[in-house]
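Structure first, then comments.
Only the coordinates and a few stated rules stand behind these numbers; no lab work does. What you are looking at is a predicted structure, and each value in this text was computed from that prediction instead of being measured. Quick reminder, even Gly has a Cβ in these numbers, built from the backbone with ideal geometry, and neighbours come from all protein chains shown.
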Amino acid sequence: MTTVAAYAVPAAKAPLERTTIERREVGEFDVLIDIKFAGICHSDIHQAREGWGEATFPMVPGHEIAGIVSEVGAGVTKYQVGDRVGVGCLVDSCRECESCKAGEEQYCTGGNVFTYNAIGKDGELTYGGYSQKVVVHENFVVRIPDALSLDVAAPLLCAGITTYSPLKHWNAGPGKKVAILGLGGLGHTGVKIAHALGAEVTVLSQSLRKKDDGLKLGADHYYATSDEQTFKDLQGSFDLILSTVSAPLDLGAFLSLLKRDGALVNVGAPEEPIALNLFSVIAGRKTLAGSMIGGIAETQEMLDFCAEHGFGAEVEVIRADQINEAYERVLSSDVRYRFVIDIATI
């Protein structure tokens, strides 16, 4: 076992504090990564505060991990010491079910293992990226292209793939009108990716406060959802709406903005249930759907796509002792657009 420094949540809703954790020895097919940067995802806050249900503690959050390989197991063929790599939301899966065989490990029915707040196949609690090192099976590691700096690449391991996967699945591209609902950590990557795919992109945000940013990121149009006129003007406009919002919404109102056969896809996960009149779906043969991150192969595809198009996430790099402050700022929407922890400061 290797002892490393980390920032952990000792109990639900408690502030994070510096501590040490144990990492397993490098196995035959394992990769040891010296973590350089770790993004702060809103889901870290949900889980640290048990917003999505009971969690395990102490918890070391972080599933947007970028770093350098410092050791590989004897059987590793994909990576070598010095490689620039990343780890996202998953560190294992059953590898045998239909979803795993299709490269959709995020939908594993045999038991996938999340990067933190989960129990690994060794029976031990998994700890995430707010730490100096991590050991991961090579099949759950991705390569970060040289064209992406590690700090702007880190958030792509969750925010990037979470928006890329549904945009690809629902065929965002030339001739399609796509709306990104919410311009935050997820939404800003969605705008960049949808634009790069060739879609006509609209941002739907509570206010026009970030309009200039949205247009610079690649949006063609920007509307405030707090303005009732928006829902009148845009009725029946979109082929696809990607909701990145983690607060309760009037889904019926947003479904009204879809064309016939359009889809409203949710990647944000509110803590509270949401009511819906099903006529909002029935009228217009519309689809209300969800999407969760992406598989490992698709995550690599996404990173290569972002590198090819010359963009990463928009980040604010912080010291490790600023994590608790960053959590509060995320909750008050005071970040543009992703906090990234400089792990060297732990």
- Note on the structure: In the neighbourhood of ALA172 defined by beta carbon distances under 15 Å, the net charge of the other residues (Lys, Arg +1; Asp, Glu -1) is -1
- Interchain or long-range residues, amide H under 5 Å from VAL134's placed H: ILE33, ILE35
- Among THR202, THR189, which comes first, second and so on when ranked by fewest other beta-carbon atoms within 10 Å? THR202, THR189
- Item | DSSP-loop trypsin sites (Lys or Arg not before Pro) across the range 136-237, with at most 14 other Cβ within 10 angstrom | ARG209
- Query: How much net charge surrounds GLY184 when only the other residues with a Cβ under 10 Å from the Cβ of GLY184 are counted, with Lys and Arg +1 and Asp and Glu -1?
  - Reply: +3
- Query: In Å, what Rg and Dmax follow from the Cα atoms of the range 59-120?
  - Reply: 13.2, 34
- Scaled by the rule-of-thumb 2.2 N^0.38 Å, the alpha carbon Rg for the range 182-238 gives a ratio of 1.06
- Shape of the chain from its Cα gyration tensor (a ≥ b ≥ c, root eigenvalues): rounded if a/c is under 1.5, otherwise prolate when a/b > b/c, or oblate? prolate
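Please go through the range 35-112 and write out the GluC sites (Glu not before Pro) that DSSP classes as loop and that have at most 13 other C-beta atoms within 10 Å. Numbers along the way, then the final one.
Values: sites: GLU50, GLU54, GLU64, GLU71, GLU96, GLU98, GLU104, GLU105; in loops: GLU50, GLU54, GLU64, GLU96, GLU104.
Those satisfying the criteria are GLU54, GLU96.
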- Query: How big is the range 177-303 by the Kirkwood estimate over distinct Cα pairs, in Å?
  - Reply: 14.8 Å
- Message: Students often forget the sequence filter, so: which lysines lie under 26 Å Cα-Cα from LYS177 once same-chain residues fewer than 8 apart are removed?
- Response: LYS168, LYS192, LYS210, LYS211, LYS216, LYS232, LYS259, LYS286
- Message: I'm checking a number: the convex hull volume of the Cα atoms of the range 1-150, normalised per residue, in Å³. What is it?
- Response: 115 Å³
- Query: So how far, in whole Å, is the C-alpha centre of the range 121-140 from the one of the range 306-339?
  - Reply: 23 Å
- Given just the C-alpha atoms of the range 1-83, how large is their convex hull per residue in cubic angstrom? 108 Å³
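Please list, by residue number, every one of the GluC sites (Glu not before Pro) in the range 249-302 that is coil in DSSP and has at most 14 other beta-carbon atoms within 10 Å.
GLU271
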- Query: Calculated from DSSP H runs of 4 or more alone, at -39500 (n - 2.57) each and per residue, what is the 222 nm mean residue ellipticity of the chain, nearest 500?
  - Reply: -6000 deg cm²/dmol
- Could you work out the equivalent-ellipsoid semi-axes for the range 134-192, taking the square root of 5 times each eigenvalue of the Cα gyration tensor, largest first, in whole Å? 25, 14, 11
- Which cross-chain or sequence-distant (5 or more) residues have an amide H under 5 Å from the amide H of CYS89, H modelled 1.01 Å from N in plane? none
- Note on the structure: For the range 195-201, Karplus-derived ³J(HN,Hα) couplings (6.51, -1.76, 1.60; θ = phi - 60°; whole Hz; x for glycine and proline) come out as 5, 5, 6, x, 6, 7, 10
- HN-Hα couplings for the range 92-105 via Karplus (6.51, -1.76, 1.60; θ = phi - 60°), in whole Hz with x for Gly/Pro, come out as 5, 7, 5, 6, 10, 6, 4, 5, 4, 5, 8, x, 10, 4
